[in-house]
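First comes the structure, then the notes that go with it.
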Amino acid sequence: MFVGGVVVDPNNQSPVVILKDEHDKINLPIWVGMQEATGILSALKQLNLPRPQTHDFMYDVISALGASVQRIIITEVRDTTYIAEMVCMAGDRTFIFDCRPSDAINIALRATASIFVATSVLEKARVVVEENASEVEQQAATEEGEESVDFQQIEKGRWNEILESLDPQDFKYRT
């Protein structure tokens, strides 16, 4: 999957990272914090900030230790919380780190590492985009008997408009 962009949830003003599959048929929304969204946007827009952010620092440390980030994997959903792993290589050794998806995505973008999502996660929490609908029909796909994730219907054009109009300053931390 790849990062399709960052949008703001109109209900609670929280940033949402949208992961997309290569065919633009499946979207996986992941709610993140403002600082994480700022990091993701700065990586997407390849901004050089005057001071390194935490994710820049972590990526620099990983690299300086002779390791490389191979991939990140969003492995499961527990209740409404996503769980991720970051896979790093140093020589012939593989290291797997448990981490938040927002941190994993931030570092993967800096390392140009692949982003994977477990099939079981997509079955529980994906949003399917139907191209033929006048308004995009978004639905949580769930296994029978499991609680569904509630996603509001949002017109595809509106998502695109939000994604294209975002500016990193929209996510600047305010006190």
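So is Val77 in a strand (DSSP E or B) and over 18 Å from Ser120 (Cα atoms) or not? First the steps, then the outcome.
Details: in a strand (DSSP E or B): yes; over 18 Å from Ser120 (Cα atoms): no.
Against the criterion (in a strand (DSSP E or B) and over 18 Å from Ser120 (Cα atoms)), Val77 does not qualify.
Are there any pairs with C-beta distances below 7 angstrom linking a residue in the stretch 1-19 that is without any contact (Cβ under 8 Å) to a residue 60 or more places away in the chain and among the β-branched types (Val, Ile, Thr) to a residue that is assigned to a loop (DSSP other than H, G, I, E, B) and surrounded by fewer than 19 Cβ atoms within 10 Å (Cβ to Cβ), with the two at least 6 apart or on different chains, and if so which?
Short answer, once both residue conditions are applied: Val16/Asp9.
Give the residues of the stretch 37-67 that are part of a helix (DSSP H, G or I) and over 21 Å from Asp9 (Cβ atoms), sorted by residue number. Before the answer, list the steps.
If we filter the stretch 37-67 for residues that are part of a helix (DSSP H, G or I), which is where we start, we get 37-44, 54-64.
Listed by number, the residues that qualify are Thr54, His55, Asp56, Phe57, Met58, Tyr59, Asp60, Val61, Ile62, Ser63, Ala64.
Counting only residues that are in a strand (DSSP E or B) and either touching a residue at least 24 places away in the same chain (Cβ under 8 Å) or acidic (Asp, Glu) (or both), how many does the stretch 20-36 have?
Within the stretch 20-36, the first condition is being in a strand (DSSP E or B), and the residues that meet it are 20, 26-31.
Next, only the ones that are either touching a residue at least 24 places away in the same chain (Cβ under 8 Å) or acidic (Asp, Glu) (or both) stay: 26-30.
Of the residues in the stretch 20-36, 5 are in a strand (DSSP E or B) and either touching a residue at least 24 places away in the same chain (Cβ under 8 Å) or acidic (Asp, Glu) (or both).
Do any residues in the stretch 85-108 that are under 27 Å from Thr38 (Cβ atoms) have Cβ atoms under 6 Å from those of residues that are of a type in the set (Lys, Arg), where the two are at least six apart or on different chains, and which pairs are they?
Listed by first residue and then by second, the contacts come to Val87/Arg71.
Out of everything in the stretch 84-135 that is β-branched (Val, Ile, Thr), surrounded by fewer than 18 Cβ atoms within 10 Å (Cβ to Cβ) and at pLDDT 95 or above, what residue ends up being farthest from the chain's Cα centre (by Cα)?
Restricting attention to the stretch 84-135, the residues satisfying the condition of being β-branched (Val, Ile, Thr) are 87, 94, 96, 105, 107, 112, 115, 117, 119, 121, 127-129.
Checking which are surrounded by fewer than 18 Cβ atoms within 10 Å (Cβ to Cβ) leaves us with 94, 96, 112, 119, 128.
Right, trim to at pLDDT 95 or above and you get 94, 96, 112.
Values: Thr94: 23, Ile96: 19, Thr112: 14 Å.
The residue in question is Thr94.
Going through the stretch 51-70 one residue at a time, which ones are within 20 Å of the chain's Cα centre (by Cα), crowded, with 16+ Cβ neighbours inside 10 Å and not acidic (Asp, Glu)?
Of everything in the stretch 51-70, those that are within 20 Å of the chain's Cα centre (by Cα), crowded, with 16+ Cβ neighbours inside 10 Å and not acidic (Asp, Glu) turn out to be Gln53, His55, Met58, Tyr59, Val69, Gln70.
Does Asp98 satisfy being in a strand (DSSP E or B) and of a type in the set (Asp, Glu)?
Values: in a strand (DSSP E or B): yes; of a type in the set (Asp, Glu): yes.
Answer is yes for this residue.
Out of the stretch 101-119, which residues are touching a strand residue (DSSP E or B) at 6+ places or on another chain (Cβ under 6 Å) and either in a strand (DSSP E or B) or among the basic types (Lys, Arg) (or both)?
Correct list: Ser114, Ile115, Phe116, Val117.
All but one of (1) aliphatic (A, V, I, L, M); (2) modelled with pLDDT of 90 or more; (3) crowded, with 17+ Cβ neighbours inside 10 Å hold for Met34; state the number of the condition that does not hold.
Failed condition: (3).
The values are calculated or read from the model by the stated rules, or taken from the named source; none is laboratory data. Owing to the predicted nature of the structure, the values given are computational and were not obtained by experimental measurement. Please note: Cβ atoms are built from the backbone with ideal geometry, for glycine as well, and neighbour counts cover all protein chains shown.
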